[in-house]
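Enquirer: Take a look at the following structure, please.
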Amino acid sequence: MELLQDFLPVLLGSDMNVYGMARSFHQAYGYLSVAIGKNRLGATSNSKIVTVEVVEPNIEDDAVFVKTLMDFRKRYPESLPLLLVPCGDNYIKLLVRNQDALREAYLFACMDEALLMRLSIKENFYAVCRENGFLFPKTTTCTPENYREITLPFDFPVIIKPSNSVAYWNCKFPHKKKVFKAENKEEFDAILQAIYASSYQDHLIIQEFIPGDDTGMRVMNCYCGTDKKVRLMALGQVVLEEHSPEGIGSYAAILSAEDAAITEQIRAFLEKVGYVGFINIDMKFDPRDGKYKLFEMNLRQGRSSFFVTALGYNLGKYLAEDVIYHKPHSLTIAKGDTLWTVIPDCIIKKFVQNEAIKRKALQLIKEKKVCRSLLYEKDRSAKRLWYYLKNQLNYIKKYNKYFNNKGLHE
């Protein structure tokens, strides 16, 4: 296959995050992307800008991962650089573990394995927070061995989430949710029993609940160059999260925000530890003390990271200018006035609880300063439009059914 482009983005996954990165590359350069993943998903189906070329159900096995990528490399001439972009927790871990085996075949930006383990395992992450002056919710852990006897050092309600997100993703049990909220001891005991009756046998993180609705959340998206200097930072004000069992905590609508203090603190931290690649950091503003409490660091861009491209700071371009074109770049702090959303306007109008944030979001919609990841004018077709309409209807059903339901029930 002959491509008239300087490089080929090879995206790992097939979800909306993958589509957002493909759209970023297409907007920046007019380039097509290909994807490799464990399955096919609707977000990247019937697209003119990205094609899922390989589906490998066992790709999370390291040997299969390396063989799949090395075999794929042979499809294209050696003269065409392949830019590898992981778009999920599982894929970034696979790439970091196997980067030495892939380095001669692909170009990519990633950290070393020791740093990945420090930041991705939540117990390690909280130790890093303490070392670097970041605040986080009061936190404890439990294990399959001690969860029945645990005494919490803080009051209800509490948040319950897995320490090992990849292992938790692969487990099943009735009424499973990405994150749980227990209002009392009875709910707490039932949730832990249900989780540990499944295949998930790793630690659980238990945290105090930070007061406030979804609009208390912030997300910092960054790109750190291969020179280990931060090149791009974009702080997002969450308008609404998803509330479906599998989507709790995923952002559904974001506005741009600014906060010089937390921006500088995160920049200094990332350069201190020598981070490389994309990262997005979840935190919540605590009205009790007026400070941000960090929840986790996702060592990749996420699907909501497309809000940065929507603001005019193209994620694909920042990556390519570093890894492909080796262009120097000083720090850019993103600013703008755009709403990024994956949900229908009626959901924002009905479910956003902060009236000031709701008014701002609806005003941007009225001014047509809104970006919807899956609606791209250069990738339109009847099939994609049909998929989008079904997707939007599904969101309406889910919000009406699950809004503010984080317990062990439908």
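Enquirer: Quickly run through the stretch 108-117 and pick out the residues that are assigned to a helix (DSSP H, G or I) and in contact (Cβ under 8 Å) with a residue 40 or more places away in the chain.
Expert: Once the filter is applied, which keeps residues that are assigned to a helix (DSSP H, G or I) and in contact (Cβ under 8 Å) with a residue 40 or more places away in the chain, the stretch 108-117 yields Leu115, Leu116.
Enquirer: Out of curiosity, is Tyr251 farther than 26 Å from Ala356 by Cβ and of a type in the set (Ser, Thr, Tyr)?
Expert: no
Enquirer: Let me ask something else. Can you pull out every residue in the stretch 155-197 that is of a type outside the set (A, V, I, L, M, F, W, C), in a helix (DSSP H, G or I) and in contact with a strand residue (DSSP E or B) (Cβ under 6 Å, 6 or more places away or on another chain)?
Expert: Tyr168
Enquirer: Then there's this: Please go through (1) in contact with a helix residue (DSSP H, G or I) (Cβ under 6 Å, 6 or more places away or on another chain); (2) part of a loop (DSSP other than H, G, I, E, B); (3) closer than 17 Å to Lys138 by Cα for Leu152 and return the number of the only condition it doesn't satisfy.
Expert: (1)
Enquirer: Among the residues of the stretch 213-230, which ones are outside any strand (DSSP E or B) and either among the β-branched types (Val, Ile, Thr) or crowded, with 22+ Cβ neighbours inside 10 Å (or both)?
Expert: Asp214, Thr215, Gly225, Thr226 - these are the residues of the stretch 213-230 that are outside any strand (DSSP E or B) and either among the β-branched types (Val, Ile, Thr) or crowded, with 22+ Cβ neighbours inside 10 Å (or both).
Enquirer: How many of the residues making up the stretch 295-308 are farther than 14 Å from Leu11 by Cβ and either surrounded by fewer than 24 Cβ atoms within 10 Å (Cβ to Cβ) or not small (Gly, Ala, Ser) (or both)?
Expert: Number satisfying all stated conditions: 7.
Enquirer: Quick check on the stretch 252-267. Is at least one of its residues under 14 Å from the mean Cα position of the chain (by Cα) and within 20 Å of Phe125 (Cα to Cα)? Lay out the reasoning, then the answer.
Expert: So the first thing to find is which residues in the stretch 252-267 are under 14 Å from the mean Cα position of the chain (by Cα), and the list is 252-254.
Those still in the list that are within 20 Å of Phe125 (Cα to Cα) too: none.
No: zero hits.
This table checks each residue for (1) more than 24 Å from Ser244 (Cβ to Cβ); (2) touching a residue at least 12 places away in the same chain (Cβ under 8 Å); (3) touching a Gly at 6+ places or on another chain (Cβ under 9 Å); (4) surrounded by 14 or more Cβ atoms within 10 Å (Cβ to Cβ).
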{"residue": "Gly133", "(1), (2), (3), (4)": "yes, yes, no, no"}
{"residue": "Thr140", "(1), (2), (3), (4)": "yes, yes, no, yes"}
{"residue": "Thr143", "(1), (2), (3), (4)": "yes, yes, no, no"}
{"residue": "Tyr147", "(1), (2), (3), (4)": "yes, yes, no, yes"}
{"residue": "Asp155", "(1), (2), (3), (4)": "yes, yes, no, no"}
{"residue": "Ile159", "(1), (2), (3), (4)": "no, yes, no, yes"}
{"residue": "Pro162", "(1), (2), (3), (4)": "no, yes, no, yes"}
{"residue": "Tyr168", "(1), (2), (3), (4)": "no, yes, no, yes"}
{"residue": "Pro174", "(1), (2), (3), (4)": "no, yes, no, no"}
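Enquirer: Filter the helices (runs of 4 or more DSSP H) completely within the stretch 31-107 down to those with at least 3 residues that are touching a residue at least 24 places away in the same chain (Cβ under 8 Å) and in contact with a Phe, Trp or Tyr (Cβ under 9 Å, 6 or more places away or on another chain).
Expert: Passing ranges, in order: 62-73, 89-97.
Enquirer: Consider only pairs whose beta carbons are under 8 Å apart and that are at least six residues apart or on different chains; among these, list those whose first residue lies in the stretch 247-260 and is assigned by TED's automatic domain parsing to the domain that holds Arg218 and over 14 Å from Asn17 (Cβ atoms) and whose second residue is among the small types (Gly, Ala, Ser) and surrounded by fewer than 17 Cβ atoms within 10 Å (Cβ to Cβ).
Expert: Within 8 Å, the pairs are Ser256/Gly336.
Enquirer: Anything in the stretch 159-218 that is of a type in the set (Ser, Thr, Tyr) and modelled with pLDDT under 95? List them, or say none.
Expert: Ser163, Ser165, Tyr168
Enquirer: Please work out if Leu235 is over 27 Å from Ala109 (Cβ atoms), surrounded by 21 or more Cβ atoms within 10 Å (Cβ to Cβ) and within 16 Å of the chain's Cα centre (by Cα).
Expert: No; evaluated as a whole, the condition is false for this residue.
Enquirer: In the stretch 323-354, what residues are more than 20 Å from Met217 (Cα to Cα) and among the hydroxyl-bearing types (Ser, Thr, Tyr)?
Expert: Result: Tyr325, Ser330, Thr332.
The values are calculated or read from the model by the stated rules, or taken from the named source; none is laboratory data. These numbers were taken from a predicted model, which means no experiment stands behind them. Neighbour counts are summed over all protein chains in view; Cβ atoms, including those assigned to glycine, are modelled from backbone coordinates with ideal geometry.
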